[in-house]
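Asker: Here you go, one structure.
The numbers here are math on the coordinates, done by the rules we state, and not lab data. Just so you know, these numbers come straight off a predicted model, no measurement behind them. All Cβ positions, even for glycine, are placed from backbone atoms using ideal geometry, and neighbour counts span all protein chains on display.
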Amino acid sequence: QVQVAESGGGLVQPGESLRLSCAASGNIFDIQEMGWYRQAPGKQRELVAGITRIGRTNYPDSVKGRFTVSRDNAKNTVYLRMNSLKPEDTAVYYCYARIRPTTASWRDYWGQGTQVTVSS
């Protein structure tokens, strides 16, 4: 079966950088899009970054210019480079992937989440 798993979270100080990684594995026919959402306590889940298989990206204004999403199609992996981190970036970051398995229709897959904490 298809599985999505992310890693790379941790505790950093304001202004520092962090890179998250997420890999999709299993019987994958095609991946349309991969990316990241985040959710902080008391906040709604929000899109952080998305990238299609041909490299089109999507960022909200809150992270544009600071975060960069990239992917390695050969490895079915997406990355999120986060620069100039702020305490407001503290959240659980979830990887997602829109995948067509070899024997099924398109659906979204989600990782378990990785905690990012920005604090001095």
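Asker: On full extension of the chain, what length is gained from Ser25 through Leu47, given 0.36 nm per residue of separation minus the C-alpha to C-alpha distance?
Answerer: Computed gain between Ser25 and Leu47 is 5.7 nm.
Asker: Report, by chain and number, residues whose modeled amide H sits under 5 Å from the one on Thr90, excluding near sequence neighbours (fewer than 5 apart, same chain).
Answerer: Those lying under 5 Å, H to H, from Thr90 are Val118.
Asker: Quick one: length gained pulling Ser105 to Asn83 fully straight, 0.36 nm per residue minus the C-alpha distance?
Answerer: Values: separation 22, 0.36 × 22 = 7.92 nm, distance 3.61 nm.
Full-extension gain reported as 4.3 nm.
Asker: Would you kindly derive the ³J(HN,Hα) couplings of segment 5-11 from the backbone phi angles with the Karplus curve 6.51 cos²θ - 1.76 cosθ + 1.60 (θ = phi - 60°), listing them in order in whole Hz, with x for Gly and Pro?
Answerer: 9, 10, 7, x, x, x, 9
Asker: Another one. Can you list the HN-Hα couplings for segment 39-56, worked out from phi with the Karplus curve (6.51, -1.76, 1.60; θ = phi - 60°), rounded to whole Hz and with x for Gly and Pro?
Answerer: Whole-Hz 3J(HN,Hα) from phi for segment 39-56: 9, 9, x, x, 10, 7, 5, 9, 5, 9, 6, x, 8, 7, 5, 9, x, 6.
Asker: Using the Cα centre as the reference, give the magnitude of the dipole from point charges on the C-beta atoms of the chain (Lys, Arg: +1; Asp, Glu: -1; all else neutral), rounded to the nearest 20 debye. Mind dumping the intermediate values first?
Answerer: Details: 15 positive and 10 negative charges, 40 e Å.
Its charge dipole is roughly 200 debye.
Asker: Also: Less than 9 Å Cβ to Cβ from Met34, Lys/Arg counted +1 and Asp/Glu -1: what total charge do the surrounding residues give?
Answerer: My count for the surroundings of Met34 gives +2.
Asker: Okay, next question. In percent, how large is the relative contact order of segment 33-99, given Cα pairs closer than 8 Å and 6 or more residues apart? Provide the component values of the computation, followed by the final result.
Answerer: Values: 108 pairs, mean separation 26.1, N = 67.
Contact order relative to length: 39 percent.
Asker: What are the ³J(HN,Hα) couplings of segment 27-35, residue after residue, when phi is run through the Karplus curve with 6.51, -1.76, 1.60 and θ = phi - 60°? Round to Hz, x for glycine and proline.
Answerer: Using θ = phi - 60°, the values come out as 7, 9, 8, 7, 10, 7, 7, 9, x Hz.
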